[in-house]
Amino acid sequence: MRVSFVKMHGLGNDFVVLDARAEAPPPMTSAIAKALADRNTGIGCDQLILLEPSTAADFAMRIFNSDGGEVEACGNAARAVALLHAAPARVETSAGIIGLQPAGAGATVDMGQPRFEWDAIPLDHPADTAEMPVGWDDLERPFAVNVGNPHAVFFVDDADAVDLERLGPEIEHDPLFPERVNVNVASVHGGAIRLRVWERGAGLTRACGTGACATAVAAIRRKLATSPVQVDLPGGRLEIAWEGSGSILMTGPAAESFRGSFEWDDFA
């Protein structure tokens, strides 16, 4: 069976999008998603995005990281899907329903409300998620928040100086986080945020939309920034608006790279 795909990216965080809303391919598996994501023998991407019909929203979006694991949310992918869909939409994800509003060469995404309870992150025991009494080398006292997926946010003097390639996987797989965690290191200057992210199941990434949301929320909660917050990632800039309650609004660009097709059996 030949299957069409669209290759897209949001600030360099790249996706292979399969649109199964009209004609469904065979069932997606972790192994197939990992094979398609392989940059040497597959199409290559940080995440594979599968669009499907939904009875709860306009359509559903499933997200597979490059390691084949299915995850709950991806802000950059949501903007890419908004660009592809080219109309406002309510989209079902495993983390809940999000809202897409295309805008020029990008979109504004209603990411829903952040969760701060220890068991919503989740952590393996009760703790103060606003300033957790834990640390890894110089990364200490993270802010933990769930924005559809789990994040730990560390505020440091210089985000670029952190050895995130070494510390990221250590923190991601720490038993404190039973569902693993996305690791964000951020420095705040003049109310704007410089951010780098080790993404659960994908590693270092040029951009992470949910990471930008989580970090902006943490900065606002700690009174380091006010809404809307400018978040600068290696791949570019996002704007995050959150008024201390209610939904997070993320605005930023997305782009289509190319289109193609593949034989399903080559990756099954």
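The stretch between S247 and H189, if pulled fully straight at 0.36 nm per residue, gains 18.4 nm over its current Cα-Cα span. Taking other Cβ atoms within 10 Å as a rough exposure proxy, R2, R206 sort from fewest to most as R2, R206.
Spin-label model, S30 to D158: label points 7 Å out along the Cα-to-beta-carbon direction sit 3.9 nm apart.
For A186, what charge total do you get from the other residues with a beta carbon under 15 Å from its beta carbon, if Lys and Arg give +1 and Asp and Glu give -1?
Working: positive: R141, R194, R196, R221, R222, K223, R237; negative: E131, D138, E140, D157, D158, D160, E199, D232.
It works out to a net charge of -1.
If you plug the beta carbon distance of A127 and R166 into 1/(1 + (r/R0)^6) with R0 = 25 Å, you get a FRET efficiency near 0.55.
Could you give the size of the charge dipole of the chain about its Cα centre, using +1 on the Cβ of each K and R and -1 on the Cβ of each D and E, expressed in debye and rounded to the nearest 20?
Details: 21 positive and 37 negative charges, 153 e Å.
Approximately 740 debye in magnitude.
Quick check: convex hull over the Cα atoms of segment 53-112, volume per residue in Å³, rounded to an integer? Don't skip to the answer; put the middle values down first.
Details: hull volume 4.7 nm³, N = 60.
Taking only Cα atoms, segment 53-112 has a hull volume of 78 Å³ per residue.
As an exercise, use a Förster radius of 41 Å and the Cβ-Cβ distance of A86 and V134 to find the FRET efficiency, rounded to the nearest 0.05. The partial results should precede the final answer.
On the way: r = 44 Å, r/R0 = 1.08.
Step by step, r from the Cβ atoms, then E = 0.40.
Against the compact-protein benchmark of 2.2 N^0.38 Å, the Cα-based radius of gyration of segment 2-111 scales to 0.98.
Sort V188, V134 by Cβ crowding within 10 Å, fewest neighbours at the top.
On the way: V188 20, V134 16.
So the residues, fewest neighbours to most, are V134, V188.
Packing order of peptides 190-198, 94-102, 27-35, highest average first: 190-198, 94-102, 27-35 (average count of other Cβ atoms within 10 Å over each peptide's residues).
How would the chain be classified by its alpha-carbon gyration tensor: rounded, prolate or oblate, with rounded meaning a/c under 1.5 and the a/b versus b/c comparison settling the rest? Numbers along the way, then the final one.
Numbers: a/c = 1.75, a/b = 1.48, b/c = 1.18.
Judged from the Cα gyration tensor, the chain comes out prolate (a/c at least 1.5, a/b above b/c).
Mean residue ellipticity at 222 nm, helices only, the chain: -4500 deg cm²/dmol; runs of at least 4 DSSP H residues each add -39,500 (n - 2.57), and the sum is divided by the number of residues.
Here, each number is a calculation from the coordinates, and none is a lab measurement. On a predicted model such as this, the values are computed, not experimentally measured, just so you know. Note: ideal-geometry Cβ built from the backbone for every residue, glycine included; neighbour counts use all protein chains shown.
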